[in-house]
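Taking it in order: structure first as structure tokens, then the write-up.
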Amino acid sequence: MEHRRRDGIASARATKGAKRMTTLGFMIPNTDRMSTLADKIARSLAYAQERNGQYQIVTPLLYPGGGCVVVRIAQSENGYFVSDYGAARREADLLGGNRIFTRLAKEQAKKHGVSFDSDQVFDIEVPDYALVTATIAVANASKAAVDMTQSALTEQKVELQKDMLLKRIFQTFDRSDIEIDGEYSGRSENWRFDAVVQAGTPILFQTVTANQNSVNSAISRFLDVKDAGDELTVRVAVPARIKDTPHLSLLARTARILPADATEEAFISLKQAA
């Protein structure tokens, strides 16, 4: 009797729990509604447009400038011609990376199994059954080529900014006191800086791009060095574009902010502060 009673209690609890989960919508999903929502989401992520007998697939992929990656499909004698219609080239031109883009586009086209002819990323004689794969490959190669062009341009700008900084440092301080790509110990670990100047109080210089990862990296190293002793060093952050630098106020709490185009007098002031 007791055994039946316990089973009854357990069954009632399970039923109550099941009803509760059903009420919350966890147990029995509305498959028809889910299917409708999934189809709606899929259609909004990518859709087709017809222009002059050619179809364009607007994909959810975005170029660095914010525009969607669009793939054009045109019927040819032995299948279909699938291309980005030179969109990646135009995006790269807007970035100012035309020369770099050509090499990177060839590499990305080869990587994704398509082609590049100095103007557009494409695939030719694509059969019906391979259209989806070809469209995805062209879109991915097109986006990747522009993304990598932007990254390469950013690296070039960083190197140029670093060269300008080092030129100013060499003009201001004794060469024997300057260590390029120098290392300095923080409270937790050792850190690399663009330049370490041993002029009385060590001065640590680090260029910073208008990129969150770059800023976070600079904050981490400056903060660790600051924790080892605030008065032991002069920490100097050199943002490429001060107005566009994220978390600038937080960066300023760990280091002095020196504009990339700072005057000679500003560097002399740093020397005197050390």
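The values are calculated or read from the model by the stated rules, or taken from the named source; none is laboratory data. Note that the coordinates shown come from a computational prediction; the quantities given were computed from them, not determined experimentally. FYI the Cβ positions are ideal-geometry reconstructions off the backbone, even for glycines, and counts take in every protein chain you see.
Among what's in the range 46-63 and is assigned to a loop (DSSP other than H, G, I, E, B) and over 22 Å from the mean Cα position of the chain (by Cα), pick the residue that is nearest to K143 (Cα to Cα). Spell out the reasoning first.
Taking the range 46-63 first, the residues assigned to a loop (DSSP other than H, G, I, E, B) are 46, 52-53, 63.
Checking which are over 22 Å from the mean Cα position of the chain (by Cα) leaves us with 46, 52-53.
On the way: A46: 15, N52: 25, G53: 25 Å.
So, considering only residues that are assigned to a loop (DSSP other than H, G, I, E, B) and over 22 Å from the mean Cα position of the chain (by Cα), the one nearest to K143 (Cα to Cα) is A46.
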Take the conditions assigned by TED's automatic domain parsing to the domain that holds R192, of a type in the set (S, T, N, Q), surrounded by 15 or more Cβ atoms within 10 Å (Cβ to Cβ) and out of contact with any Ser or Thr (no Cβ under 8 Å at 6 or more places or on another chain) and apply them to T254. Does it pass? yes
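So if I check each of I136, I124, which one is without any contact (Cβ under 8 Å) to a residue 12 or more places away in the chain, within 13 Å of S83 (Cα to Cα) and assigned by TED's automatic domain parsing to the domain that holds V69?
Numbers: I124 fails: without any contact (Cβ under 8 Å) to a residue 12 or more places away in the chain.
The conditions single out I136.
Per-residue answers, yes or no, for (1) part of a helix (DSSP H, G or I); (2) in contact with a Gly (Cβ under 8 Å, 6 or more places away or on another chain):
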residue	(1), (2)
V138	yes, no
K157	yes, no
Q161	yes, no
I169	yes, no
S176	yes, no
V196	no, yes
T201	no, no
A210	no, no
Among the residues of the range 215-274, the number that are farther than 22 Å from E189 by Cβ and over 27 Å from the mean Cα position of the chain (by Cα) is 13
Residue hits (the range 139-152; in contact (Cβ under 8 Å) with a residue 40 or more places away in the chain and out of contact with any His (no Cβ under 8 Å at 6 or more places or on another chain)) are A139, S142, K143, A145, V146, D147, M148, T149, Q150, A152
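Give the residues of the range 221-241 that are in a helix (DSSP H, G or I) and surrounded by 15 or more Cβ atoms within 10 Å (Cβ to Cβ), sorted by residue number. Quick ask: steps written out before the conclusion?
Of the range 221-241, the ones in a helix (DSSP H, G or I) are 221-227, 230-232.
R221, F222, L223, D224, V225, K226, listed by residue number.
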All-but-one check, A260 against (1) more than 21 Å from V158 (Cα to Cα); (2) not in a helix (DSSP H, G or I), failing number (1)
